[in-house]
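To start, the structure under review is shown below, and the notes come after it.
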There are 2 protein chains.
Amino acid sequence: MRISELARETGVPLATVKFYLREGLVPAGRATSATQAEYDATHVRRLRLVRALVEIGGLPLAAVRDVLVAVDAGPDLSMTAIGTAHAALPPCPPPGTGTERALAVVESFGWSGAGQTNALGRLQAALEAMDAVGLAPDPDRLRTYADAALTVAAADVSDVPAGPVADVVEYIVVGTVLYEPLLLALRRIAQQHLFVTRRPEG
Amino acid sequence: MRISELARETGVPLATVKFYLREGLVPAGRATSATQAEYDATHVRRLRLVRALVEIGGLPLAAVRDVLVAVDAGPDLSMTAIGTAHAALPPCPPPGTGTERALAVVESFGWSGAGQTNALGRLQAALEAMDAVGLAPDPDRLRTYADAALTVAAADVSDVPAGPVADVVEYIVVGTVLYEPLLLALRRIAQQHLFVTRRPEG
DNA sequence: CAATATTGGATAGTGCTACTCTCCAACTGT
DNA sequence: ACAGTTGGAGAGTAGCACTATCCAATATTG
């Protein structure tokens, strides 16, 4: 398969495919001559992955690159696959955010092993911003959110397939990113459902 | 309170405050002379809201403007407050995305009244992207996600305070946007927790 | 009251991201 | 032989979110 077929197959503009190749987001094809290269199903898959991370996950290209590096490298010795995934994933917490408060919340749930993830910074930043506008969650609601998060997380980790490490990492990374919009969309639809059915008169 | 105090109070650079005033994201102060204006607590609150929507919610300024218009206008006659909120909220589904498949999913959960929200388009786009990379959720997992979404949505709508319509709208809009990062951060932390405690040996 | 500082407001410029366009020589198919 | 396509590189563009500079009118200070 040549580059233009790769572009057609995935629906990505040719110029953009070239751009991704230049940026190293998609690996080069096997050159068959000075002006021709051969691409295969792995390139199609990688290109679709990049687009999914950008369009569905909303990641900037730099983050996509980090994610792909993590996917290709597999987990290093000091991190679990999930840690590798999360370290590569945006959004990063705003600089200057501590994690003490988030840690306290997480510990109150009896969760452990969360000391390394930058999600802690995000959690704390979110809590602080809610405070600033006077809309911080009460403990009950926080608990409800935590329980729901734990439920979906349990589904996430139990679904991780056996197989080569690289596949596991890809599964986790992509699953983390791509399932987020799914969860948010379902939440919004559920809100609408509840609001409509609870208040048919209003 | 003068403009520079408003900037200091909220930690937003003065030039940025001026920019938001120009863009109409923060209402003008009460002019006391040709070169002086007076700002009060409502301006502080609005400015903090804008920053929270941008930094925590990750909204582009155009979306912030739409959200604020919805907040200020209150729900119009044809929409519930939640519909108003969601219509103003990004991200929009990529153009060309249908909603048939998403509708089928939603109906399989017995949810109703979701015909209007653009979250349907997001849901369908997410499902299609997952298909494209071969990571679509099986029905069980989708069900798990839907249940979790319904749980948090129930907490969301039950927490809506009684009060002026404008406050209700603000509560819903801000809650929808600001609680999303909270949910995602908790999910990631829960994943890490489960992965670490489930596989202490690996 | 004079000297200095600050203010609100407008205009233009910056830095970043994610493409998109243009060009070109080398090659392909007919 | 020759129009058409290809891979590759560089520069250009569009949008976004600020940020810097300027100005005359006012406020503050000694």
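Let me confirm one metric for peptide A:138-146, namely the mean number of other chain beta-carbon atoms within 10 Å of its residues' beta-carbons. It would help to have the intermediate numbers written out before the result.
Working: counts 2, 0, 2, 8, 3, 1, 8, 11, 7.
Mean shielding by partner chains, rounded to a whole number: 5.
Against the main long axis of the alpha-carbon atoms of chain B, helix B:14-23 sits at an angle near 80°. With R₀ set to 60 Å, the beta-carbon distance separating A:Arg101 from A:Ser33 gives a calculated FRET efficiency near 0.50. When the residues B:Glu5, B:Glu107, A:Glu170 are ordered by accessible surface, computed with a 1.4 Å probe over the protein chains alone, the sequence from largest down reads B:Glu107, B:Glu5, A:Glu170.
With Cα atoms as the point set, the radius of gyration and Dmax of the range A:137-188 evaluate to 13.5, 43 Å.
Cβ-Cβ distance of B:Phe19 and A:Ser108, R₀ of 30 Å, FRET efficiency by 1/(1 + (r/R0)^6): the value works out to about 0.15. Sorted largest first, the principal axis extents computed over the alpha-carbon atoms of the protein assembly as shown equal 74, 45, 44 Å. Note on the range B:1-56: Rg/Rh from C-alpha atoms, Kirkwood Rh, equals 0.94.
Its Cα centre serving as origin, the protein assembly as shown has a Cβ charge dipole (Lys and Arg +1, Asp and Glu -1) of approximately 760 debye. For the pair the range B:45-66 / the range A:102-180, the C-alpha centres are spaced 23 Å from each other.
For chain A, the 222 nm mean residue ellipticity estimated from helices alone, with every DSSP H stretch of n ≥ 4 adding -39500 (n - 2.57) and the total spread over all residues, rounds to -21000 deg cm²/dmol. Within the accessible area of chain A, the carbon and sulfur atoms contribute 55%, probe 1.4 Å, all protein chains present. Think of a 1.4 Å ball rolled over the protein heavy atoms: the range A:128-202 then has 37 Å² of accessible area per residue.
Of A:Arg46, B:Arg187, B:Arg51, A:Arg198, the residue with the largest accessible area leads and the full order is A:Arg198, B:Arg51, A:Arg46, B:Arg187 (1.4 Å probe).
Find, to one decimal place in angstroms, the Kirkwood hydrodynamic radius of the range A:56-198, where the mean of 1/r is taken over every pair of different Cα atoms and then inverted.
One over the average 1/r among Cα pairs gives 16.8 Å for the range A:56-198.
Principal-axis analysis of the Cα atoms of chain A puts helix A:165-198 at an angle of about 50° to the longest axis. Using the Cβ-Cβ distance between A:Ala73 and B:Glu9 with R0 = 51 Å, the FRET efficiency computed as 1/(1 + (r/R0)^6) comes to roughly 0.65.
Quantify how strongly other chains surround peptide B:154-162 by giving the mean number of their Cβ atoms within 10 Å of each of its Cβ atoms.
5
Around the Cα centre of chain B, unit charges on the Cβ atoms of Lys, Arg, Asp and Glu (plus for the first two, minus for the last two) sum to a dipole of about 620 debye. Taking the charge dipole of chain B about its Cα centre, with +1 at Lys and Arg Cβ atoms and -1 at Asp and Glu Cβ atoms, the residue from B:Pro139, B:Pro13, B:Val160 reaching farthest to the positive side is B:Pro13. Counting charges near A:Ala190 (Lys, Arg +1; Asp, Glu -1) among other residues having Cβ under 11 Å from its Cβ returns a value of 0. Here the label points at B:Met1 and B:Ala41, each 7 Å from Cα along the C-beta direction, are separated by 1.0 nm in the simple model. Only one residue of A:Ile3, B:Leu178, B:Leu68 has its Cα farthest out toward the positive end of the dipole of the protein assembly as shown, where Lys and Arg carry +1 and Asp and Glu -1 on Cβ, and that residue is A:Ile3.
The values are calculated or read from the model by the stated rules, or taken from the named source; none is laboratory data. The model shown is predicted, which means the values in this text are computed figures rather than measured ones. Quick reminder, even Gly has a Cβ in these numbers, built from the backbone with ideal geometry, and neighbours come from all protein chains shown. Note: accessible area is taken over every heavy atom of the protein model, side chains too, but ligands, DNA and RNA are not part of it. Shrake-Rupley method; radii C 1.70, N 1.55, O 1.52, S 1.80 Å.
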